Each structure stands twice: as structure tokens, then as C-alpha cells.
Amino acid sequence: MEIQQYQTIKITHSPRGRRLSQPILVQLPTIQSKGEQALYSYIINAFSCKMSALIEFTLLNDSVIKVAEHLQRHATASTATLYQYIYGIHKFCSWLGKTPDQLMAECKDLDGVPKQGS
């Protein structure tokens, strides 16, 4: 089993260069590639000004990271679109009292195969 290494970064400015009223501390997995660095920057830029709690929410859920990765690679890479998608997922999961990864796990059997409808 591989142990994930993390690094703490401090965000002090918005993507447009404005100083944030409160710095944001984020635990990021150690960046392994330029693709991961671009993905994390995309996530941070989308949420650092409006709702910084969504940065951690995104990074703690593999299923949400996959949504961000899809939007960045196969859609417009718009930070506004990412914000809207992740905000909706966050609100829905808060209402259910579950994480996105828990919801995804409920949709799969023990072998990780999607369950068929009854």
C-alpha cells in the first residue's frame, strides 16, 4: 500500500492578483506531474475567491477530482463551470449527509462493478 505524501500551501492572492482578506491553507497531495499541477491550479483558481471550502471538498474526494479533471481536459476548462458543478455536488451531499465518494461506493458492488437497477 502506497502512503500519500502531502504538502501545505498558503494562498494569499486571488487568481487576478488581489490580496485575500484571509490566507487559505490547503493540504495538497505531492504533485507528481505537470498535469497534476495544472489540475490543482484549476481547482484553486475556481474556488479561492468565492468558496474556499470547496478546495478541500474537491481534493478529499476522488470522484470530485475526476469531475474537475474531466471539465479541464474535455470541456471548456472554465472555472465558473467547475464552481457550479462542484457547488451543486457539495450542496446535494450536504443534504444527504454523505460524501461524494460514499455515494459512488453505494452504486457499486464489492468488486467495484456498477450495480444494475432492480
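Tell me yes or no: at least one residue of the stretch 3-19 is part of a helix (DSSP H, G or I) and either of a type in the set (Val, Ile, Thr) or touching a residue at least 24 places away in the same chain (Cβ under 8 Å) (or both). No, the stretch 3-19 contains no residue that is part of a helix (DSSP H, G or I) and either of a type in the set (Val, Ile, Thr) or touching a residue at least 24 places away in the same chain (Cβ under 8 Å) (or both).
Can you tell me which residues in the stretch 20-70 are closer than 16 Å to Gln7 by Cα and aromatic (Phe, Trp, Tyr)? Tyr40 - this is the single residue of the stretch 20-70 that is closer than 16 Å to Gln7 by Cα and aromatic (Phe, Trp, Tyr). Contact map, the stretch 74-90: first residue touching a residue at least 12 places away in the same chain (Cβ under 8 Å) and closer than 14 Å to Ser52 by Cα, second residue in a loop (DSSP other than H, G, I, E, B) and among the aliphatic types (A, V, I, L, M), Cβ cut-off under 8 Å, separation 6 or more or different chains; pairs are Tyr83/Met51; Tyr87/Met51.
When you go through Ala46, Ala38 one by one, which is the residue that is assigned to a helix (DSSP H, G or I) and over 19 Å from Tyr87 (Cβ atoms)? First the steps, then the outcome.
Working: Ala46 fails: over 19 Å from Tyr87 (Cβ atoms).
Result: Ala38 is the single residue among Ala46, Ala38 that is assigned to a helix (DSSP H, G or I) and over 19 Å from Tyr87 (Cβ atoms).
If you check Gln22, Gln37 for being over 12 Å from the mean Cα position of the chain (by Cα), without any contact (Cβ under 8 Å) to a residue 12 or more places away in the chain, under 16 Å from Thr79 (Cα atoms) and surrounded by fewer than 19 Cβ atoms within 10 Å (Cβ to Cβ), only one passes: Gln37.
Just to be sure before I move on: is Phe57 of a type in the set (A, V, I, L, M, F, W, C), surrounded by 12 or more Cβ atoms within 10 Å (Cβ to Cβ) and free of Cβ contacts under 8 Å to residues at least 12 places away in the same chain in the structure I sent? For Phe57, the condition - of a type in the set (A, V, I, L, M, F, W, C), surrounded by 12 or more Cβ atoms within 10 Å (Cβ to Cβ) and free of Cβ contacts under 8 Å to residues at least 12 places away in the same chain - is not met. Of everything in the stretch 94-118 that is of a type in the set (Lys, Arg) and surrounded by 10 or more Cβ atoms within 10 Å (Cβ to Cβ), the residue that is farthest from Ala53 (Cα to Cα) is Lys108. Number of residues in the stretch 84-93 that are more than 13 Å from Glu56 (Cα to Cα) and either surrounded by 11 or more Cβ atoms within 10 Å (Cβ to Cβ) or not small (Gly, Ala, Ser) (or both) equals 6. Take the conditions part of a helix (DSSP H, G or I), of a type in the set (A, V, I, L, M) and exposed (fewer than 14 other Cβ atoms within 10 Å of the Cβ) and apply them to Ala68. Does it pass? Spelling it out, it is not the case that Ala68 is part of a helix (DSSP H, G or I), of a type in the set (A, V, I, L, M) and exposed (fewer than 14 other Cβ atoms within 10 Å of the Cβ).
Listed conditions (1) within 24 Å of His70 (Cα to Cα); (2) part of a strand (DSSP E or B); (3) of a type outside the set (Gly, Ala, Ser) are all met by Gln32, apart from (2).
Only the coordinates and a few stated rules stand behind these numbers; no lab work does. Keep in mind it's a predicted model, so treat the numbers as computed, not measured. Ideal geometry is used to build each Cβ from the backbone, glycine not excepted, and the neighbour counts take in all protein chains shown.
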